[in-house]
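K.L.:
One structure is given below, represented as structure tokens, and several questions about it will come after.
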Amino acid sequence: MIERLTSVTFAAAVPDLADLLVDAVAGGASVGFLAGFDRPAATAWWQERAAAVADGSLAVWVHRDPHGITGTISLAYAGKPNARHRAEIVKLAVHHAERGRGVGRELLATAEEAAAAEGITLLLLDTETDSPADHLYRSAGWQRYGVVPDYAAGPEGRLKACSFYYKTVGAGR
């Protein structure tokens, strides 16, 4: 089951979101953090997003199963007046035990559909080149518009290339 978190449900979900983010980093996902990233740091990171969730500049969805949160995706809306037609997909993460079961694809489709329903016509994202996420985005119809070598360090600290993608949705199709 996928649900969009409200400011109230977001606060209650932070502990599980923190565990999910720690699991993603420990599993090698390039989501902006280095090895050794722990639960207190993950909790603080998610808590820092609470104001953005409350003011609507960040939408966060979670995938739940009977054991709790198994995946998440966020949509960061552009704040500039000339960019209100676009948003960025951020922090797609799936628990290691759930990978390969379609959770990431389902979360991605949910965010795309919600963006289109809200009048967003252009989505952007970036991801580690040749990662499982890179393959997911390509297979989901995203268009790669560039690769930057040595863009960011992976969890192990080694610099890696990053692929940048866009997708038109809704009226932008």
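Each value in this text was obtained by applying a stated rule to the coordinates, not by laboratory testing. No experiment lies behind these values; they were computed from the predicted model shown. Methodologically, a virtual Cβ is constructed for each residue, glycine included, from the backbone with ideal geometry; neighbour enumeration extends over all protein chains shown.
K.L.:
Determine ³J(HN,Hα), in whole Hz, for all residues of the range 130-142 in sequence, where each value follows from phi through the Karplus function 6.51 cos²θ - 1.76 cosθ + 1.60 and θ = phi - 60°; x replaces Gly and Pro.
P.N.:
6, 7, x, 5, 4, 5, 4, 4, 4, 6, 9, x, 6
K.L.:
Moving to a separate point now. Compute a Gaussian network model of the chain, connecting alpha carbons closer than 10 Å, and tell me which residue from D38, D65, D134 fluctuates the most.
P.N.:
So, out of D38, D65, D134, the one fluctuating most is D65.
K.L.:
Compute the Kirkwood hydrodynamic radius of the chain, taking the inverse of the mean of 1/r over all pairs of distinct Cα atoms, and give it in Å to one decimal. The partial results should precede the final answer.
P.N.:
On the way: mean 1/r = 0.0612 Å⁻¹.
Here the Kirkwood hydrodynamic radius works out to 16.3 Å.
K.L.:
Quick check: net charge around A41, other residues with Cβ under 13 Å of its Cβ, Lys/Arg +1 and Asp/Glu -1?
P.N.:
Numbers: positive: R39; negative: D19, D38, E48.
Overall, the nearby charge balance is -2.
K.L.:
Check cross-link reach from K91 to the aspartates and glutamates: straight Cα distance under 16 Å, and skip same-chain residues fewer than eight apart.
P.N.:
Cross-link targets: E3, D16, D19, D23, E48, E106, E112, D126, E128, D134.
K.L.:
With both partners inside the range 2-172, how many of the DSSP beta bridges are antiparallel, as a percent to the nearest 5?
P.N.:
Values: 31 of 34 bridges.
Percentage antiparallel, nearest 5: 90.
K.L.:
Which order results if K91, K80, K160 are arranged by neighbouring Cβ count within 10 Å, fewest first?
P.N.:
Fewest-to-most Cβ neighbours within 10 Å comes out as K80, K160, K91.
K.L.:
Be a star and scan the range 7-42 for residues whose amide nitrogen sits under 18 Å from the point 7 Å along the Cα-to-Cβ vector of S139.
P.N.:
What the label zone holds, given the 18 Å backbone N cut-off, is 29-30.
K.L.:
Among R158, R39, R64, which one shows the highest mean-square fluctuation when the chain is modelled as a Gaussian network with alpha-carbon springs under 10 Å?
P.N.:
For the chain, modelled as a Gaussian network with Cα springs under 10 Å, the answer is R158.
K.L.:
Taking only DSSP H segments of four or more residues, each worth -39500 (n - 2.57), what value at 222 nm results for the chain once the sum is divided by all its residues, to the nearest 500 deg cm²/dmol?
P.N.:
Theoretical 222 nm ellipticity from helices: -10500 deg cm²/dmol.
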